[in-house]
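Remarks on the structure that follows.
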Amino acid sequence: MTKNYNISGQSSEVAVDSLIDEVRLVEGTFDVTVEPNEGRMTVSGENFTDADIVAAAEHAGFTILSPDTP
């Protein structure tokens with residue numbers, strides 16, 4: 001599955017790398033793409049939950065504003 005999230009946080013390379021690293025630690029994720037200037041993150045994988053992604057993002061200093069649902 002692939003999910004998009006609207007995010008808020010720092011757009012520095014270090015902050016974005018930290019976010020990617022934290023989200024990749026969530027069991028079931030295998031790809032994370034962040035577009036900081038657009039405030040968007042895309043996560044691909046199997047069997048991960050929004051709550052797990054929110055917790056990982058918060059640990060990296062970001063806020064999930066909402067899942068970006070079509």
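Here are a few things to note about the model shown:
- Dmax and Rg, reported as Rg then Dmax, of the chain (C-alpha, Å): 10.5, 30
- For ARG40, residues with placed amide H under 5 Å, excluding near neighbours: ILE7, GLU35
- Across the chain, the longest run free of exposed loop sites, meaning GluC sites (Glu not before Pro) lying outside DSSP classes H, G, I, E and B with no more than 16 other Cβ atoms within 10 Å, spans 1-26.
- Residues THR63 and PHE30, FRET efficiency given R0 of 35 Å [Cβ-Cβ distance, rounded to 0.05]: 0.90
- Computed over the stretch 5-70, relative contact order equals 45 percent, with contacts defined as Cα pairs under 8 Å that lie 6+ residues apart.
Read-outs: derived from the displayed coordinates by stated rules, not from any lab. Since the structure is predicted, the reported quantities are computational estimates derived from the model, not experimental observations. Backbone-built Cβ (ideal geometry, glycine too); neighbour counts: all protein chains shown.
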